[in-house]
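First, the structure itself, so that you have it in front of you.
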Amino acid sequence: MDRREIAALLAYIGRLDPRTIRTDQGEARDQLAQWHELLGDVPMATPHGWDARVAARQHIRTSPYQILPADVARPWESYRRDRLARHSDPTPSADPDDQAAWTAELVGTRRAVAAGIAQPAQARAITSGRAGIDPRLKARLREVGSCIPPAARAALAPYRPARAAREATVAQGQPDALSVRCEWCLAQPGEPCRRRRMGPNAGVLALTPRATPHPGRLDLAAAQQAQPTEQVQQPALA
């Protein structure tokens, strides 16, 4: 903000909180100089969601204390951090062999995002775990059977014993123990069971993953797998 924008911001704040109004000309000049020194790199507004007046109004609404320049600068820094955290660097259009141009374009894009001039470029996730999978990817996975080739899956098996055991169990038509919550170690669905190492005072020192699930978890998964079958076979009551 330049001095004119700072003056407009102070006039706006004065209408909401008369305590900030300086009637003495010297005090008003000093106040303007102080706010400009501290907020000179903070814009009045950006095309994408930032407005210094909104930040000032929010502080006046929620705080009994007179507003300070820091009460505008802090939301601005949070705004910048949030935008950069949601930004994934797109591939620059510059020649990759021109390191200076490549770096300059990356830096320029980040600065534009942080300043609120450009929107963050977010990399589109193929899968996002619990958030779901794109329907087109689901159809493709149904066609190919798995996103991991069988040879790669076999090569990874020694390094993923719990996953390999789970896949072998499902392939044999047995219940998938990791599809339910373990009542013994409280492992959530999809997570391996954990082994507790107890200390001398009966305190838990460490939790290490188990290659095989607890027996009770197997029984619970088997019961849930058999339940729909029993419901289908149960005769209807007259």
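The values are calculated or read from the model by the stated rules, or taken from the named source; none is laboratory data. Here the structure is a predicted model, which means the values were calculated and not measured. For neighbour counting, all protein chains shown are included, and Cβ atoms are generated from backbone atoms with ideal geometry for every residue, glycine included. SASA here: full protein model, heavy atoms, side chains in, ligands and nucleic acids out. Shrake-Rupley method; radii C 1.70, N 1.55, O 1.52, S 1.80 Å.
What Kirkwood hydrodynamic radius, in Å, does region 150-226 give when the mean of 1/r is taken over all pairs of distinct Cα atoms and then inverted?
Numbers: mean 1/r = 0.0742 Å⁻¹.
After inverting the pairwise mean of 1/r, the radius is 13.5 Å.
Pairs of alpha-carbon atoms within less than 8 angstrom and 6+ residues apart define the contacts here; what relative contact order does region 150-226 have, in percent?
Values: 100 pairs, mean separation 22.1, N = 77.
It comes to 29 percent, rounded to a whole number.
What accessible surface, in Å², does a 1.4 Å probe find on D98, ignoring ligands, DNA and RNA and rounding to the nearest 10?
Roughly 70 Å² of D98 is accessible to a 1.4 Å probe.
Then there's this: What nm distance separates the two modelled labels at D219 and S63, each placed 7 Å from Cα along Cα→Cβ?
Using points 7 Å along Cα→Cβ, the separation is 5.9 nm.
Sticking with this structure for a sec: With just the Cα atoms defining each centre, how far is region 21-51 from region 145-185? Give it in Å.
61
Once you sort the root eigenvalues of the Cα gyration tensor of region 14-64 as a ≥ b ≥ c, which label holds: rounded (a/c under 1.5), prolate (a/b larger than b/c) or oblate (the other case)? Please report the intermediate quantities before stating the final value.
Numbers: a/c = 2.75, a/b = 1.32, b/c = 2.08.
Note, shape of region 14-64 comes out oblate.
May I ask you to rank R22, R217, R194, R15 by accessible area, largest first, using a 1.4 Å probe over the protein chains only?
Working: R22 85, R217 5, R194 60, R15 170 Å².
Highest to lowest solvent-accessible surface, that is R15, R22, R194, R217.
Roughly to the nearest percent, how much of the accessible area of region 3-86 is carbon and sulfur, given a 1.4 Å probe? Spell out each step's value before the answer.
Working: 2690 of 5260 Å².
Answer for region 3-86 is 51 percent, counting heavy atoms of protein chains only.
For region 1-116, with equal point scatterers placed on the C-alpha atoms only and solvent neglected, what are the log10 I(q)/I(0) values from the Debye formula at q = 0.10, 0.15, 0.16, 0.18 1/Å, to two decimals?
-0.40, -0.72, -0.78, -0.90
Write down the accessible area per residue of region 150-226 in Å², having rolled a 1.4 Å probe over the full set of protein chains. Spell out each step's value before the answer.
Working: 5110 Å² over 77 residues.
It amounts to 66 Å² per residue over region 150-226.
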